[in-house]
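Trainee: Pasting in a structure now, in C-alpha cells, and then I'll have a few things to ask.
The values are calculated or read from the model by the stated rules, or taken from the named source; none is laboratory data. Values in this document were obtained by computation on a predicted structure and should not be read as measured data. We place every Cβ from the backbone using ideal geometry, glycine too, and count neighbours over all the protein chains shown. To get the accessible areas, we keep the full protein, side chains included, count just its heavy atoms, and leave off ligands, DNA and RNA. Shrake-Rupley method; radii C 1.70, N 1.55, O 1.52, S 1.80 Å.
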Amino acid sequence: SFLREDGPTVRLPAGLLVYGSLDGKEWKGIHCVDTIRSEGPASIAKADESFDKAYAARFIRVSFEVVVHVYCDEIEILGRKNVEGAAELSESTAVCERFPQSFVTPDRFGGVENMLLSYNYNPDMASGGTMTAEDYLPYVGYYDREGVLADTFFDSFLFLPYAAFTGTEYRDFTAWNTYVDNVFAEDANINALSEAVDQVSEGLGRDVRASVFFSILYTWPDKSSFGDVDGDGVIEDFSKVEDRKKAIKWMIDEQLARFEAGGYDNLDLLGFYWFEEQITYSDPYETELIRYARDYVHSLGYKLMWIPYNYASGYSEWKSLGFDMACMQPNYAFRYNETRDILYRTAETTKLLGMCVELEINDADNPADVARYKEYLAVGAETGYMNAVKCYYQGGVPGAFYYAYKSTDPLINSVYHDTYLFAKGKYDPSEI
C-alpha cells in the first residue's frame, strides 16, 4: 500500500519492480508495475499483483523511486517452500515500459550518439557568447595528435543559453528575440556550425552531416507582462496558461522558420530541449505545458528532450511527463565532497529508467578536474553508458574540450583525445 497526501507532498511512486535472487547478490527482475494510481488528493493506492509464474528464489527485493516522500506499508510476498515445478529466475521475461533497464541508445533517439551542449548566449559576456567556424572544427571533426583531420567527432549539437539568461531581467519577449537572433547570428553559432561541417566534409572527402536541437525557454509563471507574442495588441500574461502556451509555440515556430530559411543542407533539425533542470510541481500548469510542448513538437515530426540535474524532481517520471529522451547529470564534476560512487549510482538509476548519463568537465586547466572527468569516462566504459546516447557539458564557449585540443600540456591535451575514444566506444581505462 502507498499513501497519497498532496498537501505535505507525499507522492505515489511512478511504479515498482520486483526482483528475485538466490544469493542476495545477483538479481533478476520477475515482475513490474508500470503505474500506481489512487483516487483523490488524500487516498491510498494498493498494488495487488500476481507473477506470470512461480519462481524459485531465496530473496525478494521490491524497488521504487522516491521523489520527496513516499509512504509504503503492508508488503507481502506469498509463496511456498516446495520448489517443485517452479521456474528458474533466468526464465523471467518481465518487461516494464517504465523501467526498461537499459540505457537509451542511438537507434531509439534519431541516431544521436554524441551531443555537445553548445551554449550560445550570455548577456554578461562582451561577445554575447558566440562560436565561430574555427571553434566548431575540432568538435565536428577529430584532429589527431599531429593535428591531422582523421575522423568525425560530435554528431549532434544542442543550442541553449547560459544560466545567466534565466535572470529576471531576461524574462520577456524582447530578451527571447535577442536570444534567437544570437542562435542565428551571421557567421556565428548555427551558421558557423554549418560552415565547419562543410570544411570537415571537404577535409575527409566524404559527406558529413550534423544534427541540431533548439531550446524551449521557460515561461515564468510570475511574469504578468511578457510581451505581445502573436501580434494581437494584447500583452501576454504568464499567470494564464494559454498565454504561456502561445509563448512556447512562438519559440518553436520562430526557430523552425529561421532554420528552414537558412537552407542548412548539411544540418538536420531533430528536436527541441525543455530548458529547465527540474520539474516545478509547485507550478500548477507545469505538467500541462510539457505535454502541450510534446504534442506540438510531435505534430511537426520532432522530438522533445530534457536534462535534469542529479535526482532532480520529476526525473523518474520523465517518460510519463512526455519527454522522448532524458539525460541525467551526475554533477560529480562540481561536487568535490562526493566520491565516484555517485557516478555508479547515476549509471544504475539511468539504466533502470531508460535514460542516459551526461558527461561533465569543470576546468580543463585543473589536474583535479581532469582526474574527475577521467572517472566519468572510466565508469562509463565499465557500466555501459559509453555505448548509449551521450550529452557533454564542457562549460562556456569555446569550451573545455577546445582548450584541451589547443593545449600543449600532455595531461590537458589528453582530455580531447580520450573524449574522442569514449565517443567512439573505444575508451579502455586500462590502456590510458
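Trainee: Any idea which of Tyr403, Tyr332, Tyr392 is furthest toward the positive side of the dipole for region 326-419, if Lys and Arg beta-carbons carry +1 and Asp and Glu beta-carbons -1?
Mentor: Farthest along the dipole direction, towards plus: Tyr392.
Trainee: Subtract the Cα-Cα distance of Ser90 and Ala371 from 0.36 nm times their separation in residues, and report this length gain in nm to one decimal. Kindly include the intermediate steps, with their values, before the conclusion.
Mentor: Details: separation 281, 0.36 × 281 = 101.16 nm, distance 3.90 nm.
So the extension gain works out to 97.3 nm.
Trainee: Using θ = phi - 60° and the Karplus relation 6.51 cos²θ - 1.76 cosθ + 1.60, list the HN-Hα couplings for region 162-175 in order, rounded to whole Hz, with x at every Gly or Pro.
Mentor: 5, 4, 4, 5, 7, x, 4, 6, 10, 9, 9, 5, 4, 5
Trainee: What is the log10 of I(q)/I(0) for region 243-382, computed with the Debye formula using one identical point scatterer on each Cα and no solvent, at q = 0.13, 0.17, 0.20, 0.21 Å⁻¹?
Mentor: The Cα Debye sum returns log10 ratios of -0.69, -0.98, -1.12, -1.17.
Trainee: What residue among Ala381, Ala14, Ala164 shows peak mean-square fluctuation when the chain is described by a Gaussian network model with Cα springs under 10 Å?
Mentor: Among Ala381, Ala14, Ala164, the largest GNM mean-square fluctuation belongs to Ala164.
Trainee: Please work out the average accessible area per residue across region 1-158, using the 1.4 Å probe convention, and give it in Å².
Mentor: On the way: 8750 Å² over 158 residues.
Accessible surface, normalised per residue, equals 55 Å².
Trainee: Let me ask something additional. Sorted by mean Cβ packing within 10 Å, highest first, what order do the peptides 303-314, 103-114 take?
Mentor: On the way: 303-314: 21.1, 103-114: 18.7.
Output ranking for 303-314, 103-114: 303-314, 103-114.
Trainee: Of the heavy-atom accessible surface of region 311-384 (probe 1.4 angstrom), what whole percent is carbon and sulfur? Don't skip to the answer; put the middle values down first.
Mentor: Working: 1140 of 2490 Å².
Carbon-and-sulfur percentage of accessible area, whole number: 46.
Trainee: Still on this structure, please answer the following. Measuring from label point to label point, each 7 Å out along Cα→Cβ, what is the Asp6 to Arg335 span in nm?
Mentor: 3.1 nm
Trainee: Plugging the Kirkwood radius over Cα pairs into Stokes-Einstein for region 238-306, at a temperature of 37 °C and a viscosity of 0.692 mPa s, what D comes out in µm²/s?
Mentor: Working: Rh = 13.2 Å.
For these conditions, the coefficient is 250 µm²/s.
Trainee: Please compute the per residue accessible area over region 239-287 with all protein chains in place, 1.4 Å probe, rounded to a whole number of Å². Before the final figure, lay out each step's value.
Mentor: Values: 2020 Å² over 49 residues.
The answer is 41 Å² per residue.
Trainee: Rounded to the nearest percent, how much of the accessible area of region 116-248 (1.4 Å probe, protein heavy atoms only) is carbon and sulfur? Present the calculation step by step, with values, prior to reporting the outcome.
Mentor: Details: 2440 of 5280 Å².
Exposed carbon and sulfur together represent 46 percent of the surface.
Trainee: Of Ile77, Ile342, Ile216, which is the most mobile in a GNM of the chain whose springs link Cα atoms less than 10 angstrom apart?
Mentor: Among Ile77, Ile342, Ile216, the largest GNM mean-square fluctuation belongs to Ile77.
Trainee: May I ask you to list the residues of region 294-319 whose amide nitrogen lies under 13 Å from a point 7 Å from Cα along the Cα→beta-carbon direction of Arg209?
Mentor: Answer for this model: none.
Trainee: Now for a separate question. Hey, in the GNM for the chain with a 10 angstrom Cα cutoff, which one of Ala163, Ala378, Ala188 fluctuates hardest?
Mentor: Ala163
Trainee: Separate question: Residues with amide H under 5 Å of Phe157's amide H, sequence separation 5 or more or different chain, H placed in the peptide plane at 1.01 Å from N; which?
Mentor: Here the answer is Leu116, Ser211, Val212, Phe213, since their amide H atoms fall under 5 Å of that of Phe157.
Trainee: Same structure, new question: Amide H neighbours of Asp151 under 5 Å, counting only residues 5+ apart in sequence or on other chains, H built in-plane at 1.01 Å?
Mentor: Tyr142
Trainee: Can you pull the percent of region 1-74's accessible area that's carbon plus sulfur, 1.4 Å probe, other chains left in place?
Mentor: Numbers: 2060 of 4460 Å².
Carbon-and-sulfur percentage of accessible area, whole number: 46.
Trainee: Which of the trypsin sites (Lys or Arg not before Pro) found in region 28-75 are in a DSSP loop and have at most 10 neighbouring Cβ atoms, other than their own, within 10 Å?
Mentor: Working: sites: Lys28, Arg37, Lys46, Lys53, Arg58, Arg61; in loops: Arg37, Lys46, Lys53, Arg58.
For trypsin sites (Lys or Arg not before Pro) across region 28-75 that sit outside H, G, I, E and B with at most 10 neighbouring Cβ atoms in 10 Å, the list reads Arg37, Lys46, Arg58.
Trainee: If you build the convex hull over the alpha carbons only and average its shadow over all orientations, what do you get for region 159-261? Give it in nm² to one decimal. Walk me through the numbers before you get to the answer.
Mentor: Details: hull surface 30.0 nm².
Result: 7.5 nm².
Trainee: Reachable lysines from Lys390, Cα under 19 Å, same-chain residues fewer than 8 places away excluded?
Mentor: Lys303, Lys319, Lys351, Lys374, Lys424, Lys426
Trainee: How much length, in nm to one decimal, is gained on full extension between Ser282 and Tyr71, taken as 0.36 nm per residue of separation minus their Cα-Cα distance?
Mentor: Details: separation 211, 0.36 × 211 = 75.96 nm, distance 2.01 nm.
Stretched out fully, the Ser282 to Tyr71 stretch lengthens by 73.9 nm.
Trainee: Okay, next question. Which aspartates and glutamates, if any, have their Cα less than 15 Å from the Cα of Lys28, not counting same-chain residues under 8 positions apart?
Mentor: Asp52, Glu88, Glu91, Glu348
Trainee: Which net charge results when you count Lys and Arg as +1 and Asp and Glu as -1 among the other residues whose beta-carbon is under 13 Å from that of Lys249? Let's see the in-between values first.
Mentor: Numbers: positive: Arg244, Lys245, Lys246, Arg294; negative: Asp230, Glu236, Glu242, Asp243, Asp253, Glu254, Asp295.
Net of charged neighbours comes to -3.
Trainee: So which aspartates and glutamates pass the test for Lys240, namely a Cα distance under 17 Å, with those fewer than 8 places away in the same chain ruled out?
Mentor: Asp172, Asp222, Asp228, Asp230, Asp232, Asp283, Glu286, Glu288
Trainee: So, one more: Quick check on packing: order 394-406, 419-431 by the mean number of other C-beta atoms within 10 Å, highest mean leading. Can you show the working numbers first?
Mentor: Working: 394-406: 20.9, 419-431: 16.2.
Ranking, from highest mean packing down: 394-406, 419-431.
Trainee: Using the heavy atoms of the protein chains alone and a 1.4 angstrom probe, what is the accessible area of region 307-432 per residue in square angstrom?
Mentor: On a per-residue basis, 35 Å².
Trainee: Using amide H atoms built in the peptide plane, which far-off residues or other-chain residues are under 5 Å from Ala54 H to H?
Mentor: Ala87
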